[in-house]
Every structure is written in C-alpha cells, then in structure tokens.
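Have a look at the structure below, then the notes.
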C-alpha cells in the first residue's frame, strides 16, 4: 500500500522565495528516487509551503528520509525557516471511486 506524506515549511519573514528555490533542486532529484510517485510543493494561504509526497512503500519512504537529497535540502534551508519542518505520514482510507478515493 502506498503512503502519503505532507511536509509543511514555514519560511522566515521575507524568505518565501529562497525556500522555494532551495526546494526546487531537491524536488527534481527526489522525483527520480525509486518508489517516488509524487513530490510536489504548494503555497498555503498563510504563506507556508506544503510538500505533498506519495511513495510506493514505507520502505521507499524510509530510504528517501535517510538519503543524501534530504540531508542536502536540510542544509540549504538553514536559517530560512521559523520552525522545524512538520512532517506527517498519512495512510489512505479508500472511499468512493478507485480513481478519486485516494491520492
């Protein structure tokens, strides 16, 4: 079963664009990782940046979390965030149609 993750990045005042630019290379790199089905960022109304991820398996997600791309991303975000990234792992509760009932 696939797993969905949200990661919320809260930029410091005036650092929104810098955070986005720090995320761009990581996104391209991670999208090539085995098991990555979705890795995208969105702007929330409050100015946070929300990353939505989808992984084939928990194991592929765990490998990603321990990988070099995540380490490099963490280093590139130093001093740009108000607080630590808030990461949440989600498990689908399928409902409705197969195509629309889960990410």
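Only the coordinates and a few stated rules stand behind these numbers; no lab work does. In this text the structure is predicted, and so the values were computed from the model without any measurement. Neighbour counts are summed over all protein chains in view; Cβ atoms, including those assigned to glycine, are modelled from backbone coordinates with ideal geometry.
Working note: 222 nm ellipticity from helices only, DSSP H runs with n ≥ 4, each -39,500 (n - 2.57), summed and divided by the residues of the chain, gives -9500 deg cm²/dmol to the nearest 500. Volume per residue of the convex hull around the Cα atoms, evaluated for the stretch 37-88, comes out as 91 Å³. Along the Cα-to-Cβ line of residue 20, 7 Å from the Cα, sits a label point; which residues in the stretch 54-80 have backbone N less than 20 Å from it? The answer is 73-74, 76-80, whose backbone nitrogens lie closer than 20 Å to the label point.
Output the 0 to 90 degree angle, nearest 10, between the alpha-carbon long axis of helix 16-30 and the longest principal axis computed from the alpha carbons of the chain. In the chain, helix 16-30 runs at an angle near 40 degrees to the longest axis.
With both labels modelled 7 Å from their Cα along Cα-to-Cβ, the residue 82 to residue 43 distance reads 1.6 nm. Would the stretch 11-51 count as rounded, prolate or oblate if I go by the C-alpha gyration tensor, calling it rounded below 1.5 in a/c and otherwise prolate when a/b exceeds b/c, oblate otherwise? Note, shape of the stretch 11-51 comes out oblate. The alpha carbon centroids of the stretch 1-55 and the stretch 89-103 are separated by 21 Å. The eigenvalues of the Cα gyration tensor, multiplied by 5 and square-rooted, give the chain an equivalent ellipsoid with semi-axes of 25, 17, 11 Å from largest to smallest.
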